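The values are calculated or read from the model by the stated rules, or taken from the named source; none is laboratory data. Bear in mind the structure is a predicted one, so any value in this text is a computation, not a measurement. Reconstructed Cβ throughout: ideal geometry from the backbone, glycine too, with neighbour counts over all protein chains shown.
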Amino acid sequence: MKKLFSFTLCIAILCTMFSCLMGLTALAEVNAPVRSLVGKQVVGFNNTDWTVDVADTIVDADGKLKAPASRGTVVAQTNTFYSLSDKWDIAFTLRFKDFNNFNGEYAAVILGTNEIRIANNSGENTYIIEVYNSTGLVATASLGEGDAAVNGDYTFAYNSGVLSGTFGGTAVQWTVGESTAEEVEVAFDAVKNTAVKVSVTGNWSSNRYINKFTLRGTVNGDNNYDGSVDSSDLLLAQQAMLGLSADAENCDSTYDDKLTAGDILALTQHLLGRGWLEGYESDPVNIMCIGDSITEGVGTLSGWRYSFFEQMYAAGVKFNLVGSYTTTGDFRLPEGYRGYSAKGGWTTKKILENMSTYVENDFDVVAIMLGYNDRLQWSAETSIEYYCGILDAIYAKNPEAYVYVSTMSPDAQHLDNDCAEWYDYTINPLLPDMVAQYAEAGYTIKFVNNIPYGWTAADFPASDYIHPTEKGRAKIATAFCDVMKNDMLYLNNQAASFTYEPKMNVVTGLTVTDSAFTIEEGYAKTVGATVTPSNAPVQNVLWSSDDEAVATVDFNGRITGVSVGTATITAKTLDNAIEKMVTVTVTEANDTASTELFSECFDTFDNWNVAEDTVFVVGDGVINAHYTQVTETITTINEYTFTNGFEIEFDYKAYGNEGKVYGDGFYGAVGYAGYELRCADAGRQLILVGADGSVLGSYSTVATIYYVNCRLIYKDGTMTAYYNNEPVIVAQNITVDSTASEVTFVHNQRWRNVLADNIYLGSF
């Protein structure tokens, strides 16, 4: 981390700038006690930035403020006090289902003595917006009848005494006295050094919440609130820095909660026509993640580090991920976020032996999660000795480093009683004392506890009790971010050079391939998302479902119907938070079930012809071909005949060297009636091969997952291949010989472990 201005240089610059203007040579650095909303904004809900009077009503993962599960009101209050100018705007989404006409229920945004309420109309089945200041009710607007009238997107804009608003994109018609208009004069009271409050009332319903909340002030640099950025704003900022103005908090143009040369520089550069604050970048923090396979990545090529990147980036932290190794194959990590220092299977001792290499990296911060591979090697006390050696090596290289030491993430065998046993498992109970000792010695070090994050069996794949799924990895990342985020923002501010570097290729648009579609229960469809410009450095799209009981979505936009109903899927760019909505209607599945001819769960090899020297083994209900480069085929002892069509299905997993692309010539495959369905490239490709050896179709995805379910259905002359219940290959006008045929399984993989099970053959 580098600083553009030393303290001495700051004094020199300021003396030069101010001596002619004011005849003064002293420098006064003023700490802003509160945050002005000039150029800043309050966005969303999380437990770090807000305090609530009803526990567990902020849902961090969804960014919601939920009503309490009773007939009561929850009030959320910002932990920071804000000041507002006479120009600001608010946007939020309100869901207030099951209103039930109870009088006195409402949702509200409270700014000092000003309040905007969404309420029912005195017990009637109609709903209104009410606007208050310190004198009482000053304006109203009708929303209509029924629950739908209060469920949607709201915006309110206030500009120099004039209030306007929209609901669902339609302008609000305000009523004051006997007059109605889209804009209304409202004398809002001044908001100075006051918490922002948001409230929502419950009524024994889970369908009441506010989310997508944003409150913005005037443009940055408009220090005197006159609607323009000019020399008078620069004068006010200079006076504030010299302690001659009481409006110091309004002049923090670099958002570091201090008035420094950076604020004057940013404002001056803008007045000279050289851009504004979004072009001023603080030095990034270099973060190195140290760990074993959970950090390196099993089941995904980036472990928990991808979710960590996503959460830190969304929080506005300027950072790089650095290390001795580079993540390859995970398309989601942009350049600059791919470094790490972790190896699968490594113990604390092995990490210590390699610390001389790790500390060659330029790091400011280290996030560590270690110990799982130690548990059968030696005592926990011995592991702590090695751990201390790791910390000593870190601080020997950088005594100022920020270090975050995490508990081992739980495994699927220790989930009972909220992971109570895991707190006392191997090194976990010893870590807080180790961290405390280094903190007492003057080092910056903090303990991260990922155990209380609601771990369940759903956080692990059925075949792996150690390495979490995407949801489990996100819990590890969230635990680190909860402890680290504010520290990283602080480091950004401390290192703020604010060199003018105009942002290039910022995301400006998002399109999706489908805005609405219908799908059957259990089936899937991938919606494509395209970010513009195409050369934007961060093109990540975040996917979420507003009702996972109806439809779920993964990080690749793959939407799966769960139960009958309608859900809204949101695609949002990580950079610039541009959103698109996809409406999914899930209908009842109407599959015609096939009649089973053969099924195999691989408890034994009794149904197969297997050569004595095969690498295939059976255990835990799977067929397993270990790390090798051998091509082998096994066939069923019996042959099977279908009537009007057939269905063949299997589950497949290839792991180890997942990041290497060996091509479609290496696969696992199930064949029947001369046709073969291949799963290649560690589960990222599906290939349908015809009876003559020709390729009838192929499908590929950038996503890597644990098990891939592969299914081929032949019926009425059409052959359809499914990838995890999503139809991805369709071949028509196919004629299949119904002569009796055996089922085959082929292992043709290069240097990867292979697992396969649940082979099924059915007839229509």
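Worth pointing out:
- Positions within the range 161-188 being over 38 Å from the mean Cα position of the chain (by Cα) and in contact (Cβ under 8 Å) with a residue 24 or more places away in the chain, in sequence order: G161, W174, T175, V176, V184, E185, V186, A187
- Residue tally, condition β-branched (V, I, T) and either modelled with pLDDT of 75 or more or closer than 29 Å to D591 by Cβ (or both), over the range 615-625: 2
- On the stretch given as the range 81-107, residues that are surrounded by 15 or more Cβ atoms within 10 Å (Cβ to Cβ) and either of a type in the set (D, E, K, R) or modelled with pLDDT under 90 (or both) total 15.
- The range 452-473 residues that are on the phi > 0 side of the Ramachandran plot, paired with ones that are surrounded by 18 or more Cβ atoms within 10 Å (Cβ to Cβ) (beta carbon under 8 Å, 6 or more apart): G454/K475
- Strands (runs of 3 or more DSSP E) lying entirely in the range 709-756 (those with 1 or more residues that are small (G, A, S), out of contact with any His (no Cβ under 8 Å at 6 or more places or on another chain) and not assigned by TED's automatic domain parsing to the domain that holds P461): 718-723, 726-731
- Failed item, numbered, when T566 is tested on (1) surrounded by 15 or more Cβ atoms within 10 Å (Cβ to Cβ); (2) in contact with an Asp or Glu (Cβ under 9 Å, 6 or more places away or on another chain); (3) more than 25 Å from F308 (Cβ to Cβ); (4) among the β-branched types (V, I, T): (1)
- Residue count, the range 679-698 (criterion: part of a strand (DSSP E or B), modelled with pLDDT of 95 or more and of a type outside the set (A, V, I, L, M, F, W, C)): 2
One line per residue, one yes/no per condition, for (1) among the aliphatic types (A, V, I, L, M); (2) closer than 20 Å to W378 by Cβ:
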| position | (1), (2) |
| --- | --- |
| M312 | yes, no |
| V317 | yes, no |
| D330 | no, no |
| L333 | yes, no |
| G336 | no, no |
| S341 | no, no |
| E353 | no, yes |
| S356 | no, no |
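- Residue match in the range 425-440 (condition: closer than 22 Å to F460 by Cβ and touching a His at 6+ places or on another chain (Cβ under 9 Å)): yes
- For the residues V483, V506, V538, V531, the requirement of being closer than 30 Å to I287 by Cβ, in contact with an Asp or Glu (Cβ under 7 Å, 6 or more places away or on another chain) and at pLDDT 90 or above singles out V538.
- Top-ranked residue of the range 514-558 - restricted to ones that are under 24 Å from F319 (Cβ atoms) and not aliphatic (A, V, I, L, M), ranked as surrounded by the fewest Cβ atoms within 10 Å (Cβ to Cβ): N535
- Answer from A119, A141, A157, A149 - the residue that is buried (at least 16 other Cβ atoms within 10 Å of the Cβ), part of a helix (DSSP H, G or I) and touching a strand residue (DSSP E or B) at 6+ places or on another chain (Cβ under 8 Å): A149
- The range 405-435, subset among the hydroxyl-bearing types (S, T, Y) and part of a loop (DSSP other than H, G, I, E, B), residue surrounded by the fewest Cβ atoms within 10 Å (Cβ to Cβ): T426
- Residue under evaluation E676, criteria (1) acidic (D, E); (2) modelled with pLDDT of 95 or more; (3) farther than 20 Å from I634 by Cα, criterion not met: (3)
- Residue within the range 344-365 that is buried (at least 21 other Cβ atoms within 10 Å of the Cβ), of a type in the set (S, T, N, Q) and out of contact with any helix residue (DSSP H, G or I) (no Cβ under 7 Å at 6 or more places or on another chain) present: no
- Meets criteria (modelled with pLDDT of 95 or more, assigned to a loop (DSSP other than H, G, I, E, B) and under 23 Å from Y387 (Cβ atoms)) for I466: no
- Per-region count, the range 636-690, residues of a type outside the set (D, E, K, R), within 21 Å of A740 (Cα to Cα) and surrounded by 21 or more Cβ atoms within 10 Å (Cβ to Cβ): 12
- Cβ pairs under 7 Å, 6+ apart, first in the range 477-500 and over 15 Å from V366 (Cα atoms) and part of a helix (DSSP H, G or I), second hydrophobic (A, V, I, L, M, F, W, C) and modelled with pLDDT of 85 or more: L489/V317; N492/V285; N492/V317
- Under the condition of being at pLDDT below 95, in contact with a Ser or Thr (Cβ under 8 Å, 6 or more places away or on another chain) and charged (D, E, K, R), the residues counted in the range 626-656 number 2.
- I110 modelled with pLDDT of 90 or more and in contact with a Lys or Arg (Cβ under 9 Å, 6 or more places away or on another chain): yes
Each row is one residue, and each column tells you yes or no for (1) of a type in the set (A, V, I, L, M, F, W, C); (2) touching a Leu at 6+ places or on another chain (Cβ under 8 Å); (3) closer than 30 Å to F555 by Cα.
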{"site": "G323", "(1), (2), (3)": "no, no, yes"}
{"site": "Y340", "(1), (2), (3)": "no, yes, yes"}
{"site": "K349", "(1), (2), (3)": "no, no, no"}
{"site": "T357", "(1), (2), (3)": "no, no, no"}
{"site": "N361", "(1), (2), (3)": "no, no, no"}
{"site": "Y372", "(1), (2), (3)": "no, no, yes"}
{"site": "E385", "(1), (2), (3)": "no, no, no"}
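- Looking only at residues of the range 437-463 that are β-branched (V, I, T) and assigned to a loop (DSSP other than H, G, I, E, B), we find that the one that is nearest to L415 (Cα to Cα) is T456.
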